[in-house]
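Visitor: Here it is, the structure in full.
Since every read-out is calculated from the coordinates, none of them should be taken as a lab result. For clarity, every value in this text was computed on a predicted model and none was experimentally measured. So basically every Cβ, Gly included, is an ideal-geometry build from the backbone, and we count neighbours across all protein chains shown.
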Amino acid sequence: MLIKKENQVVTIEVHQFCDFTTRETDALAALRSTVDFGVPPYVWASPVDRPTRVLLWKNGELVGHAGVLERTIRVGTDEHHVAGLYSVMARPDVRGLGYGSMVVRRAAEVAEATMPDARHIVLVCLESKVSFYERLGWNRLDAPVRFDQPDGHRLLEIVTMARPIGSAAWPSGDVDLHGLPW
């Protein structure tokens, strides 16, 4: 997808992590080195379990990234199929210019188009990022969220948010991510 923005050439590409070339791998490592996620030191899902990546390039440089995955979680006593949004990042010098919103919107479109069983898109984030995601249609989950770690089942210490796909209402009950966080 090619976008013209402020006399800049912006492209948004969707890749599978297993198909990354050296260009994508090196660019993602460089972008990641500019971002302080500030999240607790959890063991996160591996790249193999987080396959789909949305890359936003500005004039040939990677300035934004978001990933999407599929997961069946438990909410209350029922299984619930979701898309997970993860590793959203924008290079610090382009923050506030709309690139983060573009990459998140495109990642949501990819989830909706390629994950037909998912009824919501779920993400975890820091409190400082909540207003950004609320502007894009996500809502904070009030229920406790649990997840797996090598030392056992733990309670998530950061915010969990969800956005419906279509008109699906979020079910009630405690949430279990059924695996490592993404």
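Visitor: Check region 65-80 and report whether any residue there is of a type in the set (Asp, Glu) and over 28 Å from Ile165 (Cα atoms).
Guide: Within region 65-80, none of the residues are of a type in the set (Asp, Glu) and over 28 Å from Ile165 (Cα atoms).
Visitor: Still on this model: Check off (1) touching a Ser or Thr at 6+ places or on another chain (Cβ under 7 Å); (2) surrounded by 15 or more Cβ atoms within 10 Å (Cβ to Cβ); (3) under 29 Å from His153 (Cβ atoms) for His65 and give me the number that stays unchecked.
Guide: (3)
Visitor: I would also like to ask the following. Looking at Ala27 and the list (1) touching an Asp or Glu at 6+ places or on another chain (Cβ under 7 Å); (2) assigned to a helix (DSSP H, G or I), which single condition is not satisfied?
Guide: Against the list (1) touching an Asp or Glu at 6+ places or on another chain (Cβ under 7 Å); (2) assigned to a helix (DSSP H, G or I), Ala27 comes up short only on (1).
Visitor: Considering each residue of region 8-24, count those that are in contact with a helix residue (DSSP H, G or I) (Cβ under 9 Å, 6 or more places away or on another chain), in a helix (DSSP H, G or I) and of a type outside the set (D, E, K, R), and give that number.
Guide: Residues in region 8-24 being in contact with a helix residue (DSSP H, G or I) (Cβ under 9 Å, 6 or more places away or on another chain), in a helix (DSSP H, G or I) and of a type outside the set (D, E, K, R): 2 in total.
Visitor: Another one. Please specify each residue of region 155-170 satisfying the condition of being over 13 Å from Val124 (Cα atoms) and surrounded by 17 or more Cβ atoms within 10 Å (Cβ to Cβ).
Guide: Ile165, Trp170, listed by residue number.
Visitor: Out of the residues in region 134-143 that are touching a Ser or Thr at 6+ places or on another chain (Cβ under 9 Å) and not in a helix (DSSP H, G or I), state the one that is surrounded by the most Cβ atoms within 10 Å (Cβ to Cβ).
Guide: Quick first cut of region 134-143, residues touching a Ser or Thr at 6+ places or on another chain (Cβ under 9 Å) only: 135-136, 140-141, 143.
Now drop any that are not not in a helix (DSSP H, G or I), which leaves 136, 140-141, 143.
On the way: Leu136: 14, Arg140: 13, Leu141: 19, Ala143: 14.
Checking each candidate, the answer is Leu141.
Visitor: May I ask you to list pairs of residues, at least six apart or on different chains, whose Cβ atoms are under 9 Å apart, with the first in region 103-131 being farther than 13 Å from Trp182 by Cβ and without any contact (Cβ under 8 Å) to a residue 40 or more places away in the chain and the second being of a type in the set (Gly, Ala, Ser) and buried (at least 23 other Cβ atoms within 10 Å of the Cβ)?
Guide: Correct list of pairs: Val104/Gly64; Val104/Ala66.
Visitor: What tally of residues in region 109-122 results from selecting those that are part of a helix (DSSP H, G or I) and either of a type in the set (Ser, Thr, Tyr) or touching a Phe, Trp or Tyr at 6+ places or on another chain (Cβ under 9 Å) (or both)?
Guide: Of the residues in region 109-122, the ones part of a helix (DSSP H, G or I) are 109-114.
With the extra rule that they be either of a type in the set (Ser, Thr, Tyr) or touching a Phe, Trp or Tyr at 6+ places or on another chain (Cβ under 9 Å) (or both), the set shrinks to 114.
Qualifying residue count for the region: 1.
Visitor: Those residues that are part of a loop (DSSP other than H, G, I, E, B) and loosely packed, with under 13 Cβ neighbours inside 10 Å, I need them from region 38-62; list them, please. If you could, list the steps in order and put the result at the bottom.
Guide: Kept after step one, since they are part of a loop (DSSP other than H, G, I, E, B), are these residues of region 38-62: 38-46, 50-51, 59-60.
Once the filter is applied, which keeps residues that are part of a loop (DSSP other than H, G, I, E, B) and loosely packed, with under 13 Cβ neighbours inside 10 Å, region 38-62 yields Gly38, Pro40, Pro41, Val43, Ser46, Asn59, Gly60.
Visitor: Can you pull out every residue in region 96-117 that is over 16 Å from Val54 (Cβ atoms) and surrounded by 14 or more Cβ atoms within 10 Å (Cβ to Cβ)?
Guide: Correct list: Leu97 only.
A quick yes/no check of all residues on (1) within 27 Å of Thr11 (Cα to Cα); (2) assigned to a helix (DSSP H, G or I); (3) basic (Lys, Arg):
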position	(1), (2), (3)
Arg74	no, no, yes
Ser87	yes, no, no
Gly100	yes, yes, no
Val103	yes, yes, no
Ala107	yes, yes, no
Val124	yes, no, no
Phe132	yes, yes, no
Phe147	no, no, no
Thr160	no, no, no
